[in-house]
Amino acid sequence: MLQQIIDRRLSGKNKSIGNRERFLKRYREQIRAAVRRAVGERSIRDVDRGETVTVPRKDLSEPTFRHGPGGVREHVIPGNREYARGDRIKRPQGGAGVAGGGNASPDGQGEDDFAFTLSREEFMHYFFEDLALPNLIRTQLAETPEFKFRRAGFTGDGTPNNIHVLRSMRGALGRRIALGSEHRRKLADLRAALAEARRRPEPQAGDIAALEAEIDRLARRLRAIPYLDPIDLRYRNRVRVPQPISKAVMFCLMDVSGSMDEARKDIAKRFFILLYLFLTRHYERTEVVFIRHHTQADEVDEHDFFHATESGGTVVSSALILMQDIIRERYAAGDWNIYGAQASDGDNWGQDSAKCRELLDTSLLPLVRYFAYVQVAEGQQSLWEEYARVATENPNFAMRMIAGASDIYPVFRDLFRREAAA
């Protein structure tokens, strides 16, 4: 019994996708390291593009089989002009063939490491494969109706690039069958009558000629039926339908007072980059609002947020008040998923830390899905102490301390680790 196996897996037009997936799985650690290096070198909005990953050649080495000393082998050397039948050929010294190459030669030549490019989807998958938005804030996503095109059957009008060949040919075949069925039935009857007339003992030439003429006429009518008619053409139809799109806005608040040097700003930038990239994986539309503050807070663009030289004292509440005003004016809590991330060295003016706690408790945290505070300096100052009180009373508020660049990624993963299913 003959059996057929049909592979219907959605592998797309790329027939080597299985090999690529196995390769990515094998070199997962090298890919993760390359992705983490790339994050710190990009701006926030272009951080989710693909990345070129280099795998050292030594990591690509595989076990190989080679012929050892001794034994007898027979093979044909094409184009031989030196040896005759029965001659013995000495083995090459050293025993290393082509598979043993790759080391640099005395003149400085060698082989490059293997490099390949990760797509945007692969880049984001390997970076966030074990992270998720905290379960404690998973509520119904705000939805805003937008329109997308969706396939909706077929139509008789359209552009050539949308033509559906199979449906068009099926329609043409049905039309030819419908138009020619009656003629084919008559033609079959006439041919049977002609054969009967010719089998008679005394065939009548007039009757035979009339039957042949009628058969020829019907055959011409059948041939005149077009193989493909414009009414047979069918085109893929696409309609515009409402589509719910989830939206998110991320507020980046950073202290730019005199105590925030370039090293601390760089730590804050890397944390904000990770958060932005993480949100774009969960929401189709993500906006970023940059707020920098010293004694006063201002909304700025990304370049000024990280590179402006203005500095001064520290009044953290000015940034929280500005964030509240922007939410009220542009981002209704019912339409947007609001997130906040604040970076500071913890230094604050006088009694302002208590005011920050009050603003978070009463005004901001009821509006946001999640608010993360990172202190880019060691030591628990007044702001840290007040925020610790906020964290104990609000499950959608988290705070961590980052002492150096090496702590950024572990802290981020701690804030957004995937919670185990109950």
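The values are calculated or read from the model by the stated rules, or taken from the named source; none is laboratory data. Note that the structure is predicted; figures quoted are calculated from it, not measured. Note that each Cβ is placed from the backbone with ideal geometry, even for glycine, and that neighbours are counted across all protein chains shown. Please note that ligands, DNA and RNA were not included when accessible areas were found on the heavy atoms of the full protein model with its side chains. Shrake-Rupley method; radii C 1.70, N 1.55, O 1.52, S 1.80 Å.
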Worksheet item: Inside segment 183-206, can you point out the residues that are open to solvent by 80 Å² or more (accessible area, probe 1.4 Å) and either within 30 Å of Val165 (Cα to Cα) or in contact with a helix residue (DSSP H, G or I) (Cβ under 8 Å, 6 or more places away or on another chain) (or both)?
Response: Arg184, Arg185, Lys186, Arg191, Arg198, Gln204
Worksheet item: Among the residues of segment 354-369, is there at least one that is under 26 Å from Ser257 (Cα atoms), in contact with a Leu (Cβ under 7 Å, 6 or more places away or on another chain), charged (D, E, K, R) and in the same structural domain as Ser317 (by TED's automatic domain parsing)?
Response: no
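Are any of the residues in segment 362-372 closer than 13 Å to Arg400 by Cα and either touching a strand residue (DSSP E or B) at 6+ places or on another chain (Cβ under 8 Å) or β-branched (Val, Ile, Thr) (or both)? Outline the logic, then answer.
First pass over segment 362-372, keeping only residues closer than 13 Å to Arg400 by Cα: 371-372.
Filter once more, so that each one left must be either touching a strand residue (DSSP E or B) at 6+ places or on another chain (Cβ under 8 Å) or β-branched (Val, Ile, Thr) (or both): 371-372.
Yes, some residue in segment 362-372 is closer than 13 Å to Arg400 by Cα and either touching a strand residue (DSSP E or B) at 6+ places or on another chain (Cβ under 8 Å) or β-branched (Val, Ile, Thr) (or both).
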Practice prompt. Search segment 151-182 for residues being surrounded by fewer than 15 Cβ atoms within 10 Å (Cβ to Cβ) and charged (D, E, K, R), and hand back the single one that is modelled with the highest pLDDT.
Written response: Arg170
Item to complete: Return yes or no: is Leu365 at pLDDT 90 or above and under 35 Å from the mean Cα position of the chain (by Cα)?
Response: yes
Discussion item. If Arg389 meets every condition in (1) crowded, with 19+ Cβ neighbours inside 10 Å; (2) farther than 23 Å from Arg264 by Cβ; (3) touching a Lys or Arg at 6+ places or on another chain (Cβ under 9 Å) apart from one, which number is that one?
Written reply: (1)
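Taking the options Asp266, Asp232, name whichever one is farther than 26 Å from Val368 by Cβ and touching a residue at least 24 places away in the same chain (Cβ under 8 Å).
Checking each option against the conditions leaves just Asp232.
Taking the condition of being in a strand (DSSP E or B), crowded, with 18+ Cβ neighbours inside 10 Å and either in contact with a Cys (Cβ under 8 Å, 6 or more places away or on another chain) or not aliphatic (A, V, I, L, M) (or both), how many residues in segment 225-272 meet it?
Residues of segment 225-272 that are in a strand (DSSP E or B), as a first pass: 235-255.
With crowded, with 18+ Cβ neighbours inside 10 Å added as a condition, the list becomes 235, 247-255.
From what's left, either in contact with a Cys (Cβ under 8 Å, 6 or more places away or on another chain) or not aliphatic (A, V, I, L, M) (or both): 235, 247, 251-252, 255.
Total satisfying the criteria: 5.
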Item to complete: Only residues that are open to solvent by less than 50 Å² (accessible area, probe 1.4 Å) and either at pLDDT 80 or above or part of a loop (DSSP other than H, G, I, E, B) (or both): list them for segment 413-422, please.
Response: Phe416
Discussion item. Testing Arg400 on (1) open to solvent by 40 Å² or more (accessible area, probe 1.4 Å); (2) part of a helix (DSSP H, G or I); (3) among the charged types (D, E, K, R), one condition comes back false. Which one is that?
Written reply: (2)
